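Working notes, beginning with the structure itself.
The values are calculated or read from the model by the stated rules, or taken from the named source; none is laboratory data. Only a predicted model underlies this, so the values are computations on that prediction, with no experimental measurement involved. A quick note on method: Cβ atoms are made from the backbone with ideal geometry, for glycine too, and the neighbour counts reach across all protein chains shown. To get the accessible areas, we keep the full protein, side chains included, count just its heavy atoms, and leave off ligands, DNA and RNA. Shrake-Rupley method; radii C 1.70, N 1.55, O 1.52, S 1.80 Å.
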Amino acid sequence: MRYAVIMAGGSGTRLWPLSRQGQPKQLLPLFEGRSLLQLAYDRAARLVEPDRILVCTGAPYAKDVRRQLPDLREENLLGEPVGRDSLNAAAWPAAVVDRRDPDAVMAVLTADQLISPADVFVERLAEGFAVAEADEAALVTFGVVPTFPHPGYGYLERGETLAGFPDAAHVVAFTEKPDAETARTYLATGRYWWNSGMFVWRAATFLRQIEALLPATYAAVRDLADAPTRLGEIFPALVKTSIDYAIMEPVSRGAGTAHVVAVALPIQWQDVGSFEALATVWPADASGNVVQGAAVVAEGRGNLVVNADDESIVALFGVDDLVVVRTPTATLVMPLARSQDVKSLVGHVAARHGDDLA
């Protein structure tokens, strides 16, 4: 049967002070009152029955996840006591799913990106399921068809088209985030897709690769699936590593017993992990200002203003290209072009005023 696991961990500190300790970006109602997590769940539910959708998130977020996803079964909410990167956010659910259903085929999806159109995503996700169902040895990933040479994404180099699946290809190599010139070279070849960080595979196949490449992790997640009351003992001791580094890249080079296939995703795919990214998602006025909440911009251009404080108004006059974010407990003002640096600012806030405000 088909299952889906939504990885919804992470704190999203680049959206501080909207996101902060206990309020990560994937739970913020930024998109017509809905969160990235809710949008990811809606997409998954178009192919997978709700009782076979799992969410892996940080334990402190469990209450909010339950509130946002009332159809999610209690046993399908897996709360990590500490973050251990994407491999363990997928390996633990895989062991849980495999224990329930040894024939399970599972998608591993993210709650970090804004994806459109949803219909195309669902169509290609269905193809990913079909590939994994037809080929027991396939580890399927999804390659977003690039629209420009983005230096901030990892890339997949694709090889021959997969027989019977015209939108899928064997993966020759994974590459790290390139510089701008290398990214342009990648696009010119027509062989590279952006690495989406989403997958489909048979749970048993994925676990076999973990057993071969990280036997201690395999043993630990098997133990955890059998004895969930030992979560606080087992999970923090897991080696912190990513799916790509630990499994996908070695398997693409011939390690393990599987092979890697990518399905093309011709979609708009945006990591909304920064205010600069949000400014491209929300509508702008004739002067390029993006305003959310009670705010006014006069004689200014290219500003992003977010007011999440119902008791105040934010007003900008005669300034350009700023990000201004107001919440009941913090206010951020900085150049929009430097919004990727918010993470370092949060470190200064925590050092001077404590984690409660970070």
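Summary of values
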quantity	calculated
222 nm mean residue ellipticity, helices alone, for the chain (DSSP H n ≥ 4; -39,500 (n - 2.57); rounded to 500)	-9000 deg cm²/dmol
Simple spin-label estimate for Leu47 and Arg66 in nanometres, 7 Å along Cα-Cβ	3.0 nm
Rounded if a/c under 1.5, otherwise prolate or oblate - the range 168-294, Cα gyration tensor axes	oblate
Cβ-defined net charge surrounding Met106, 10 Å radius [Lys, Arg +1; Asp, Glu -1]	+1
The range 243-358: relative contact order as a whole-number percent, Cα under 8 Å and 6+ apart	15 percent
Pairwise centroid distance, computed over Cα atoms, of the range 55-126 with the range 185-252, Å	14 Å
Set of aspartates and glutamates near Lys63 by C-alpha distance (under 20 Å), chain-local residues within fewer than 8 positions excluded	Asp42, Asp51, Asp71, Glu74, Glu75, Glu80, Asp112, Asp356
From phi via Karplus (6.51, -1.76, 1.60), per-residue ³J(HN,Hα) for the range 119-124 in Hz, x at Gly/Pro	4, 5, 4, 5, 4, 6
Highest to lowest packing among 92-102, 319-329, scored as the average C-beta count within 10 Å	92-102, 319-329
HN-Hα J in Hz across the range 242-259 - Karplus 6.51, -1.76, 1.60, θ = phi - 60°, x for Gly and Pro	8, 4, 4, 5, 7, 10, 5, 5, x, 5, 5, 9, x, 6, x, 10, 10, 9
Projected label distance in nm at Val120 and Gln340, using a 7 Å step from Cα toward the beta-carbon	2.5 nm
The range 5-144 - Rg and Dmax from Cα coordinates, angstrom	14.8, 46
Environment charge of Glu211, counting only residues whose C-beta is closer than 12 Å and scoring Lys/Arg +1, Asp/Glu -1	+1
Local electrostatic count at Pro328 - Lys and Arg +1, Asp and Glu -1, tallied over other residues with Cβ under 13 Å	-1
Considering only the range 268-358, percent of DSSP beta bridges that pair antiparallel, nearest 5	30 percent
Normalised alpha carbon radius of gyration of the range 271-358 [divisor 2.2 N^0.38 Å]	1.09
Surface accessible to a 1.4 Å probe, per residue, for the residues of the range 1-87, Å²	42 Å²
Sorted largest first, extent of the chain alpha carbons per principal axis (Å)	61, 51, 35
Separation in nanometres of the label points that stand 7 Å from Cα toward Cβ, at Ala216 and Glu176	2.3 nm
Those GluC sites (Glu not before Pro) in the range 5-98 that DSSP places in a loop and that have at most 13 other beta carbons within 10 Å	Glu32
Portion, in percent, of the accessible area of the range 225-351 that falls on carbon or sulfur, probe 1.4 Å	53 percent
Lysines with Cα under 17 Å of Lys343, excluding same-chain neighbours fewer than 8 positions away	Lys25
Convex hull volume per residue for the range 1-88, taking Cα atoms only, in Å³	99 Å³
